[in-house]
Amino acid sequence: DQQVKQNSPSLSVQEGRISILNCDYTNSMFDYFLWYKKYPAEGPTFLISISSIKDKNEDGRFTVFLNKSAKHLSLHIVPSQPGDSAVYFCAASAGDDKIIFGKGTRLHILP
Amino acid sequence: NAGVTQTPKFQVLKTGQSMTLQCAQDMNHEYMSWYRQDPGMGLRLIHYSVGAGITDQGEVPNGYNVSRSTTEDFPLRLLSAAPSQTSVYFCASSFGLARPQHFGDGTRLSIL
């Protein structure tokens, strides 16, 4: 059973606009959430995280929002740039347990 | 600072062969893990280690073996390669299980 779900395999966004990547989870014990970015032929790189005690965390152009009641989180990228084209993985963990990854969403930034 | 180094980057094996994927980190991280990435499947945990001498199974451990004799190294062994093990393998390390992980650039493995 998939505990972390990224239901959109791909997303296309115009350069300069906002990109919104979504992630749903089923395990109510998850208390720490992360987003990773992956370019082809490279390993994933950590982007931003959020603890369940917060509902928003911001780092430059990247903001993660957490809605615990809906078991939903989203990553906002504003403004979107060509270098943001990549696969984005949502991930979550419960306490000190290992991190569970979603299947990823491929973001295409259009010129 | 090299971070997480994986070797080789590419490998082709025949069914039944064995091999070891190497992973080394220079950040003094206690936690290391191996993932495989398959199309449409995301990153699936194979094995992980919370410190030297301690390993545990992840989601898809069958057909793989690991050991952790030092903090720096965490090799992954394929005992008898099967076509289903064709994948891209990533090694990662972090200060703790539920902390952001640093990934290597992966090993692309093809089993014929």
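Brief remarks on what is shown
- Hey, B:His47 within 14 Å of chain A (Cβ to nearest Cβ), under 12 Å from the mean Cα position of the chain (by Cα) and either free of Cβ contacts under 8 Å to residues at least 60 places away in the same chain or in a loop (DSSP other than H, G, I, E, B) (or both) or not: yes
- The set of residues from the range A:3-60 being assigned to a loop (DSSP other than H, G, I, E, B) and free of Cβ contacts under 8 Å to residues at least 40 places away in the same chain comprises A:Asn7, A:Pro40, A:Ala41, A:Glu42, A:Gly43, A:Ser52, A:Ile53, A:Lys54, A:Asp55, A:Gly60.
- Among residues of the range A:78-109, those that are closer than 17 Å to A:Ser8 by Cα, in a strand (DSSP E or B) and touching a Leu at 6+ places or on another chain (Cβ under 8 Å), counted: 11
- Taking the range A:19-52 as the range and being among the aromatic types (Phe, Trp, Tyr) and either in contact with a His (Cβ under 6 Å, 6 or more places away or on another chain) or closer than 18 Å to B:Phe95 by Cβ (or both) as the test, the residues that pass are A:Tyr32, A:Phe33, A:Tyr36, A:Phe46.
- Condition met for B:Ile46 (surrounded by fewer than 20 Cβ atoms within 10 Å (Cβ to Cβ), under 22 Å from A:Lys98 (Cα atoms) and aliphatic (A, V, I, L, M)): no
- Cross-chain or 6+ apart pairs with Cβ under 8 Å, the range A:85-102 first and within 20 Å of A:Ser19 (Cβ to Cβ) and facing another protein chain (nearest Cβ under 8 Å), then of a type in the set (S, T, N, Q) and outside any strand (DSSP E or B): A:Phe89/A:Gln6; A:Gly102/A:Gln2; A:Gly102/A:Gln6
- The range B:1-41 - residue that is among the polar types (S, T, N, Q) and in a loop (DSSP other than H, G, I, E, B) and, of those, surrounded by the fewest Cβ atoms within 10 Å (Cβ to Cβ): B:Asn1
Coordinate-derived values only; no laboratory data. All figures in this text were calculated on a predicted structure; none of them were measured in a lab. Positions of Cβ are backbone-derived with ideal geometry, glycine not excepted, and every protein chain shown enters the neighbour counts.
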